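Visitor: One structure follows; several queries about it will come next.
The values are calculated or read from the model by the stated rules, or taken from the named source; none is laboratory data. What you see is a predicted model; the values in this text were computed from it and never measured. Cβ placement follows ideal geometry from the backbone for every residue including glycine, while neighbour counts extend to all protein chains displayed. When the accessible area is computed, the model is the full protein with side chains, heavy atoms only, and any ligands, DNA or RNA have been set aside. Shrake-Rupley method; radii C 1.70, N 1.55, O 1.52, S 1.80 Å.
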Amino acid sequence: MALAKAKPAVSDYLVTQDWKGYSATEHTTWKTLFERQQAILRDRACNEYLAGVHALDVTAAGIPDFRRLNEILKASSGWEIVAVPGLVPDDVFFALLADRKFPSTCFIRTPAQLDYIQEPDVFHDVFGHVPLLVHPVFGDYMQAYGEGGLKALGLGALEKLARLYWYTVEFGLIRTPEGLRIYGSGIVSSKGESIYSLEAKAPKRIEFDLMRIMRTRYRIDDFQECYFVIDSFKDLIEATRPDFTPYYAELAGLPDIAPGEVIESDRLL
Ligand code: PHE
Ligand code: FE
């Protein structure tokens with residue numbers, strides 16, 4: 001009789017960052033990316049993000065050692081970076097977030113990929129995502145998202161919930177007294193999109209609307225055609241606190257919205 005294969009445990013997907021194993025070229029790639037983004041993000045990223053970079057002592061010196069980052073991160077917000085080889089299955093990803101563990105890749109893009117890489121690397125994961133995990137409200141939002149993800153899996157609503165991650169965690173913009181600012185990690189880790197998202201004429205910038213976002217498809221192969229703007233992380237966590245079960249039921253009967261499409265109810269900036 002064949003034995004049923006046991007489902008792998010979350011820990012089976014984790015690896016250890018071989019920090020000593022990075023080459024000089026790899027550290028230089030980090031330095032190049034870091035210095036470029038520092039200059040661009042100074043007046044473009046939100047203060048909460050910039051404060052996180054500072055608090056974690058992420059610098060141009062080279063690819064950070066996760067052990068060092070974790071000492072600061074754990075003490076400040078209870079979050080922790082865990083190393084993974086690449087994308088992990090959805091249930092593993094959500095279970096990690098729900099446990100305040102952020103999965104980060106270890107490899108860094110090649111010098112030829114400075115401007116664009118489709119899969120997440122350590123620059124995207126650590127420079128892009130980790131600084132905001134220091135922020136108490138954003139950190140709680142990420143944990144709640146993980147819990148919500150596990151629930152969405154059970155309800156067959158993953159496609160809808162994934163759009164919320166995309167248009168907030170990855171590509172979110174925030175209104176501040178100094179003007180529109182970036183908080184999405186997919187933007188802060190991209191030179192081109194850091195400028196494009198705020199300054200280009202073409203993309204639509206639309207007030208955050210939870211149901212509207214969960215109806216909106218997204219593109220993974222080019223700059224976004226629309227961005228959603230929040231007023232504060234507190235507003236974001238409040239808007240997403242209710243039980244999504246009835247929302248998913250309603251969404252099942254509503255058509256998707258194309259990335260560049262504007263609908264009647266949109267409040268455009
Ligand atoms: N409140 C959502 C639910 O009940 C979970 C969630 C929280 C989703 C935060 C996204 C962000 O499913
Ligand atoms: Fe990401």
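Visitor: Can you count the Lys pairs in the chain with C-alpha separation below 19 Å, eight or more apart or on different chains?
Guide: Value for the chain: 7.
Visitor: Rounded to the nearest 10 Å², what accessible area does E238 have for a 1.4 Å probe in the complete protein model?
Guide: It works out to around 80 Å².
Visitor: If you don't mind, there's one more thing I want to ask. Return one whole number: the accessible area per residue of the chain in Å², for a 1.4 Å probe.
Guide: With all protein chains present, the chain gives 47 Å² per residue.
Visitor: Starting from 0 in steps of 5 Å, tell me what percent of the Cα-Cα pairs of region 13-251 lands in each bin.
Guide: 1, 6, 14, 19, 21, 18, 12, 6, 2, 0, 0
Visitor: May I ask for the net charge around Q17, where only other residues with Cβ less than 15 Å from the Cβ of Q17 are counted and Lys, Arg are +1 while Asp, Glu are -1?
Guide: Surrounding charge for Q17 is -3.
Visitor: Looking at region 165-269, I'd like the Rg to Rh ratio, where Rg is from alpha-carbon atoms and Rh is Kirkwood's inverse mean 1/r.
Guide: 0.95
Visitor: If I stretch the segment between S232 and L87 completely, what's the gain in nm (0.36 nm per residue apart, minus their alpha carbon distance), one decimal?
Guide: Using 0.36 nm per residue and subtracting the Cα-Cα distance, I get 49.3 nm.
Visitor: Under a point spin-label approximation (7 Å from Cα along Cα-to-Cβ), what is the E80-D209 distance to one decimal in nm?
Guide: My value for the distance between the label points is 4.2 nm.
Visitor: Tell me, what is the FRET efficiency for E35 and E199 to the nearest 0.05, using R0 = 25 angstrom and their Cβ-Cβ distance as r?
Guide: 0.75
Visitor: Could you check what % of the DSSP bridge pairs in the chain are antiparallel, to the nearest 5?
Guide: Percentage antiparallel, nearest 5: 35.
Visitor: Can you give me the span-like helices of the chain, meaning DSSP H runs with 27 Å or more of Cα extent along the axis and Kyte-Doolittle mean at or above -0.5?
Guide: 136-155
Visitor: What does the charge add up to near W166, with Lys and Arg as +1, Asp and Glu as -1, over the other residues with Cβ less than 12 Å from its Cβ?
Guide: Net local charge, W166 excluded: +2.
Visitor: On the protein heavy atoms, probe 1.4 angstrom, tell me the percent of accessible surface of the chain carried by carbon and sulfur.
Guide: The nonpolar share, carbon plus sulfur, comes to 55 percent.
Visitor: Let me check I've understood the local charge: for G179, count other residues with C-beta under 10 angstrom from its C-beta, Lys and Arg +1, Asp and Glu -1. What total comes out?
Guide: It works out to a net charge of +1.
Visitor: Something else now. Select from K20, K201, K151 the residue whose mean-square fluctuation is largest in a Gaussian network model of the chain (Cα-Cα springs shorter than 10 Å).
Guide: In this elastic network of the chain, the residue with the biggest mean-square fluctuation among K20, K201, K151 is K20.
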